[in-house]
Amino acid sequence: MTEEEIRSKKEKDSAEYSASDIQVLEGLEAVRKRPGMYIGSTDQRGLDHLVYEIVHNAVDEAMGGFCDEISCTIHTDNSVTVVDNGRGIPCEIHPKTGKNALETVLTVLHAGAKFGGKTYQVSGGLHGVGSSVVNALSEWMMATVKKDGKIHRQTYSRGAPKTDLEILGDTEETGTTISFYPDTTIMAEPDWNFGIISGRVREMAYLNKGLTIHIIDERDNNRKQTYYFEGGITGYVRHLNRHKNVVNRLPAYITGSQGTTVVEVAIQYNDGFMDNTLSFANCVNTVDGGTHLTGFRSALTRVLNDYARKAKILKEGDANLTGDDVREGLTAIVSVKLSEPQFEGQTKGKLGNIEVKAITESVVSDKLSLYFEEHPEDAKKILDKCLMAARAREAARKARDLVIKKNSLDVSTLPGKLAGCSEKDPASCELFLVEGDSAGGSAKQGRNRRFQAILPLRGKILNVEKAGADKILAHQEIRTIITALNTGIDEDYDDSRLRYHRVVLMTDADVDGAHIRTLLLTFFFRHTPKLIENGHLFIAQPPLYSIKSGKKEMWIYSDEEKDAMLASEFKGLRNVEVRRYKGLGEMNAEQLWATTMNPATRTLLKVELDDVNEADSICSLLMGEEVPPRKLFIQTHAKSVTNLDI
Ligand code: 0RA
C-alpha cells in the first residue's frame, strides 16, 4: 500500500470504529485502566477532581449566563450531588448514535457532539474530558434533568447505562442534577474534606460574580456554606490580601472584551514583596500561566512606566521600572473567558491560545491607563511602592555582588558547621536542620553518616516575611542553609542542583521550636517553593514522652497515645515512670537516632502545598505585622498546630 492508501484506510477504520459501541466501552475502559491519566491520581486528591469536574460543568453553564445557582451536597454515605438551575443537559435522541444526548454526554469520552445545532462545549473542568470520566470512575451515577417541561432521569454504573432514560413527571423548571459515588475498586474510599471542596467552590464563586454556590455537608449536621460575591474577582483580591497592609484600598478592577473573549483583571498592592498573581482561563486555574498572563504582565509594566513618565515620577535619565519592580507586593487576578481554550504543558496548567496575549495586553493597557487617570492617588501610591522596589532591588544587587566576591554561596565554601554525608547521590541524601548546637551535637553523633547530613541552627532565623532580599542574603543562618542546599533561591532556584532530596526540619516540641519551624517554613515557602512542591521538605517528629516500667520502655509521640498506653500496656501503673521530653537536647545520640532519625522507625511529616493561597495567607498572618488576627489563629489552632501543613 502507498502511504496515501494507508492513511485513507486508517481514517476509514477509525471512522467505523468510533461509530461502534465497542469504541465507547473501550474509551471508558481506558479511563478505568489508567485513571491517573485523566484525574491525576486515585487518592483523595483524584477524588476531589471528580467533584470539581461535575461542579465545573455547572459553572460552565453559569459562565454562559444560563445558570445563577449551584449547590454541592456531600451525603452521609459520601456520595455527592451537584445541582444547577441551567438549561439542563439535552435529552433528545441523537440522530447519528440513536442514543439520547444525555447518555452520550455521560458515556462517551470526549463527547464533543453537537446538539440542536449548538456545540456541547465543555470549557473547563478536566479540560474537556468531561462528566463521562467521572461516570467511568463511579460505582453509580444518577442524572436528573429538568427540561422541555419534563423531568428526565437515567442511571449508570461504572460508565455504562443502567436504566433507559425515564420521564418522572412534569416541571416548569430547568436544570441538571448529578449524583455519584466513586468506584472504590479503582479509587480510594472517599472521605471528603469540607474545607478543601469549599475552598475550590469559593474560587468559582469569586470568578463568576452574581453566581450563588452552596456547599452542604450532611455528614456534619447539614453544615452549610454559601458563596456569592457581588464584586467577583475584586472580592477575591481583597480576600487574598485580608491579612496584609494594602497600598491601594480599593482594588483596581478592569474588564473588556474582543470578539467572544472576555478579560477581567483586579489589582491590589500590599506592602509585602511577593507577586501573587493568579490567572484563570474559563475558571481553570492556569498554574503555569500562559498567554493571558504574559499579556497582562507586559501591559502592567508599560502602563505604570508610561504613567510614571507622564506624571514626572520617573525623570529623564531614570531607568524604566522592570517587571519585577512592578510586581513586588502585587496581588492580582487575571481571568479570561474564551470559547476554545487550549491548555498546554504536562499538567495542562498553561493557556496556549496565541491571540489571547494581544487581547489581554490591549484590554489591560487601555482600561488600566484610564483607571489610573481616574484614580491618581492610587496610581501615585502604587508607583511609590514600585520605585521603592526598584531601589531595594538595586541595593540587593550590590549586596549580592559584594557577598559573591567576599564569600560566595558556593558549595566549596560550605560552613564548618555542616556535617556532610559520604553518599553522593542526592536522591538518598538527607539534610537535618537542627535547632540548637547541643541537639546538633547529638544528631551528628547519632546519625548514619553515610546519607544523613546535619546542619545545626543557632537561635531564631530571620523572619523573611518582614525583610527584603538584601537582608535575607545577609543573614548568616539563611546563607548557610542556601549554601548547603546548593539550589539558589527565588528566580535562581534550580531543583536539579539540590544536594539532599529530603530536607528535614528538626526542632524542639515546644513553643520556641514551633516558632523556629514556622520561620523556616516561611523561608522555604517564600523563596524555594519548588522544594516544597517537589516533595523535598519534611518535619521530624521527635517523641513527647517516654514511659518506663521495669524493663519495658516506650517512646510516645502524642498525648492521645500516652493516655492510650497508660490505659493498656502500662495498666496497673506500678512503678511507671512517665518522662516528658521538651527538647531534642534531652535525648542522647542513640535515643535521637532511634526515635527521630532512623528511617526504619521514625515518622516524618511531609510538608505539602495543598492550597498555596491559604498557605500565603497563613504565612502573612503568622509572620506579618498584624497581631490580633495572629493571636486568634494561634488560639483556635493551638491543638492542631503541630500538624500544620502550609
Ligand atoms: C449544552 C447544551 C445545552 C445544555 C448544556 C450543554 C448543559 C450542560 C450541563 C452540564 C451540567 N449542567 C449543564 N447544563 C446544561 C442546552 C442547549 C439548549 O437547550 O438550547
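Listing for the model above:
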item	result
The range 59-79, residues that are within 16 Å of the ligand (Cβ to nearest atom) and of a type outside the set (D, E, K, R)	V59, A62, M63, G64, G65, F66, C67, I70, S71, C72, T73
Unique residue being closer than 23 Å to N276 by Cβ and modelled with pLDDT under 90 when the list is T480, T522	T522
Residue in the range 604-622 that is under 20 Å from E553 (Cβ atoms), in a loop (DSSP other than H, G, I, E, B) and at pLDDT below 90 present	no
Members of the range 495-540 that are over 20 Å from M623 (Cα atoms), part of a helix (DSSP H, G or I) and in contact with a Lys or Arg (Cβ under 8 Å, 6 or more places away or on another chain)	D495
Among residues of the range 197-247, those that are within 18 Å of M63 (Cβ to Cβ) and among the basic types (K, R), counted	3
Residue within the range 106-125 that is crowded, with 17+ Cβ neighbours inside 10 Å, at pLDDT 85 or above and within 9 Å of the ligand (Cβ to nearest atom) present	no
Filter pass, G64 being out of contact with any helix residue (DSSP H, G or I) (no Cβ under 6 Å at 6 or more places or on another chain), of a type outside the set (A, V, I, L, M) and either modelled with pLDDT under 95 or over 27 Å from I196 (Cβ atoms) (or both)	yes
Subset of the range 291-322 [surrounded by fewer than 21 Cβ atoms within 10 Å (Cβ to Cβ), assigned to a helix (DSSP H, G or I) and of a type outside the set (S, T, N, Q)]	R302, D306, Y307, R309, K310
Members of the range 27-58 found to be away from the ligand (no atom under 16 Å from the Cβ), of a type in the set (A, V, I, L, M, F, W, C) and crowded, with 16+ Cβ neighbours inside 10 Å, listed by number	L28, V31, I39, L47
Residue count, the range 70-102 (criterion: within 26 Å of R219 (Cβ to Cβ), surrounded by fewer than 17 Cβ atoms within 10 Å (Cβ to Cβ) and of a type in the set (D, E))	1
Test: residue in the range 465-488 that is within 21 Å of the chain's Cα centre (by Cα), part of a helix (DSSP H, G or I) and surrounded by fewer than 20 Cβ atoms within 10 Å (Cβ to Cβ)	no
Answer residue from the range 433-464, given it is of a type in the set (S, T, N, Q) and assigned to a helix (DSSP H, G or I) and is modelled with the lowest pLDDT among those	S438
Residue within the range 572-580 that is surrounded by 11 or more Cβ atoms within 10 Å (Cβ to Cβ), charged (D, E, K, R), touching a residue at least 60 places away in the same chain (Cβ under 8 Å) and within 23 Å of G441 (Cβ to Cβ) present	no
Members of the range 296-354 found to be in contact with a Leu (Cβ under 6 Å, 6 or more places away or on another chain) and of a type in the set (S, T, N, Q), listed by number	N305, T331, S335
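The values are calculated or read from the model by the stated rules, or taken from the named source; none is laboratory data. Just so you know, these numbers come straight off a predicted model, no measurement behind them. Neighbour counts are summed over all protein chains in view; Cβ atoms, including those assigned to glycine, are modelled from backbone coordinates with ideal geometry.
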